[in-house]
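Worksheet: the structure to be examined is printed underneath.
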Amino acid sequence: MVGPIAFVETPEPIVSLMVGLISEDKKSDAKTAVLDSGTGKGVFLEVLQKAGYKDIVGVELDTELYEYTSSKFPDLIIQHLDYLDWITNSQYDVIIGNPPYCHFNSLPRQMKIKVADIVGNKESDIYYAFIMKSIELLKDGGELIYIVPYGFFFNTYAKVVREIIKREGYLEIVIDLDETRIFDGENPETVIFKFVKTQQETKPQLKVLRTKNRNLSPRKINSETFDVLNTHASSSTFDYHEREMFSDKNVIWTTYPEKKINDFYLLKDVAWIGVGLVSGFEKAYTITKEEKTSLNENENKLLLKCIKAKHCKGFWTEGFTEYVLIDKRISTEEELKENYPFFYKKIVDYKESMSVRYLPENKKWFHWQALRNFEKLKVFKNQAKIYVPNLDRSTTNRFSMSLEPIYPSGDVLTIVPKDKDPYFLLGYLNSHFFRDYYLSAGARRGQRISFTQRIMANIKIPNFSETIEEKIAKITKEIFDGKKISLRTKINDLVLENIN
Ligand SMILES: C[S@@+](CC[C@H](N)C(=O)[O-])C[C@H]1O[C@@H](n2cnc3c(N)ncnc32)[C@H](O)[C@@H]1O
């Protein structure tokens, strides 16, 4: 018997919403062939039947669920098979459902082979394969309506899914439900999307809804969605906009409206952007104030002050973490033991766990894991540096500057301004406009924003006049020097008034 893979039931109002997204011409045509690609207990089948569809087929791999559904719907064709290697001559007008979500690593062996075969890599989620298989089984003009995690919008390994969607047709509707609690127990960030398969060149505008409120009930989501789709306007619960279908220009997809900057330069043209130093074993290398009093002269020389995400307060930094930097200058355990006795005593307790860390071949168990950009950072030591957490949950940007000779730890990204006033850059990066612009560049990961070297390097900075840059720099300096966060709105206004 085959066990269920990722069975989670979809609430009826969400299913009704999805069935309601089927185009009018298909609704009114008695011959419309509809497929549910993983029936579970048949909630989609039930709603489809009630809506008047006659030609409905279901597929279910799990034996118990198959038996349950086929006895509940004796007049429908339910196939007991694996959707991913199902060979059929049939093609469908509509494929609808809630496919299984399960990362490659957690799949049964046989299923791994099938997913890798379809998607072409071993880092995918099974739902990527479901999307690709479904697109293949659609007729020309056919519609795929799925509820799936948001990850395929940005994951590197889902690029092939995004390519196929673009190549085989277009997205007509995307409803971004974020982390709204829809399913029992599970709480992924989900989107409902409607894809239309066609080779026609002109693609209609994509309608995008994004929830403003994570506490919506499925019933409310249902009624609000149709209101928004009918009025083409945002509501109290959904932001709405229309945009061109994603194209090759959009490496990552996003549900935030595009923010256009006409006259600009790139951040990488005026600043150095890089990732921080990774110890790979925080406990062993962190030195407290008390411990510092026990260090000898050699040991003192290895101390390194670092900014971590928790020290980024927005505009300014507060505090630092002090580490002992054990790198290749110390090549043997004996040397460590003899010349750095306090450190040795501290880290030897962790020897076993530290030895199983991932380390490049030429490193010993007591070495730091990755001293990324260390040489560069030494050069920048006495320059103003702006830090930002790699992943940030706060609702306003936390770009934080320090003028101290201090280093970035692995959980922050560092920006070293070169040809621009650091205060101007700091102010602009903390502005409202920049946050919206950055979100429109596809940087959301659930409730967090991801600040990556790649996206940050290529962000556009508007070409403000010198006077405006100076004004922004002046206010930012006031905020920075006096911790006057209330002045932030002045920067927001200045940026907005002077963009484009
Ligand atoms: C997330 S559940 C959704 C069930 C149902 N459609 C609903 O919305 O309530 C996914 C379903 O797909 C089935 N499934 C998983 N892998 C499958 C496969 N390779 N072929 C067919 N069905 C599969 C699971 O057993 C499960 O019933």
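Could you please state how large a percent of the accessible area of the chain is carbon and sulfur, counting protein chains only and using a 1.4 Å probe?
Working: 10980 of 22990 Å².
C and S atoms contribute 48 percent here.
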Nearest-10 value in Å² for the accessible area of I182, using the 1.4 Å probe: 10
Let me check something: with ligands and nucleic acids excluded, how do L81, L304 order by accessible area (1.4 Å probe), largest to smallest? L81, L304
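Rounded to the nearest whole Å², what accessible area per residue is found for region 12-243 with the 1.4 Å probe?
On the way: 9840 Å² over 232 residues.
Ligands and nucleic acids excluded, the figure is 42 Å² per residue.
Antiparallel versus total DSSP beta bridges in the chain: what percent is that, nearest 5? Display every interim value, and only then the final one.
Working: 48 of 73 bridges.
Restricted to the chain, the bridges split so that about 65 percent are antiparallel.
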Note on the chain: alpha-carbon gyration tensor, axes a ≥ b ≥ c; rule is a/c under 1.5 for rounded, else prolate if a/b larger than b/c, else oblate; result oblate
How far is the Cα center of region 440-500 from the Cα center of region 339-391, in Å? 32
Using a 1.4 angstrom probe and counting only protein chains, how large is the accessible area of H80 in Å², to 10? 80
Take D349, D176, D327 and sort them by solvent-accessible surface of the protein heavy atoms, 1.4 Å probe, largest at the top. D349, D327, D176
Tell me the angle of helix 488-498 to the major Cα principal axis of the chain, expressed in degrees between 0 and 90 and rounded to the nearest ten. 70
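Quick check: with the 1.4 Å probe, what order do L35, L76 take by accessible area, largest first? Could the numbers behind the result be given before it?
On the way: L35 0, L76 20 Å².
Final ranking, largest accessible area leading: L76, L35.
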With a probe of 1.4 Å, find how much accessible area region 423-498 has per residue, and write the answer as a whole number in Å². 43
Please tell me the relative contact order of region 12-243 in percent, rounded to the nearest whole number, where contacts are Cα pairs under 8 Å and at least six residues apart. 16
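Using Cα pairs under 8 angstrom and six or more residues apart, how large is the relative contact order of the chain, in percent?
Working: 945 pairs, mean separation 59.1, N = 500.
Reported as a whole number, the value is 12 percent.
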J(HN,Hα) series, region 16-31, from Karplus relation 6.51 cos²θ - 1.76 cosθ + 1.60, nearest Hz, glycine and proline x: 4, 4, 5, 5, x, 7, 5, 4, 4, 4, 7, 4, 8, 9, 5, 8
Please list, ordered by chain and number, the residues whose modelled amide H lies under 5 Å from the amide H of G169; skip anything fewer than 5 residues away on the same chain. T198
Could you give the angle, 0 to 90 degrees to the nearest 10, between helix 63-72's Cα long axis and the longest principal axis of the Cα atoms of the chain? 40
For the chain, find the longest principal axis of its Cα atoms and tell me its angle to the long axis of helix 159-168, 0 to 90°, nearest 10. 40
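Of K72/K166; K114/K364; K212/K313; K72/K197; K41/K203; K418/K477, which ones are farther than 29 Å apart at the Cα? Let's see the in-between values first.
Working: K72/K166 38 Å; K114/K364 40 Å; K212/K313 25 Å; K72/K197 32 Å; K41/K203 36 Å; K418/K477 17 Å.
Violating the 29 Å Cα-Cα cut-off are K72/K166; K114/K364; K72/K197; K41/K203.
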Would you tell me the accessible area of K477, worked out with a 1.4 angstrom probe on the heavy atoms of the protein chains, in Å² to the nearest 10? 90
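The values are calculated or read from the model by the stated rules, or taken from the named source; none is laboratory data. None of the values given here were measured: they were computed from a predicted structure. Ligands, DNA and RNA are excluded from the accessible area calculation, which covers all protein heavy atoms including side chains. Shrake-Rupley method; radii C 1.70, N 1.55, O 1.52, S 1.80 Å.
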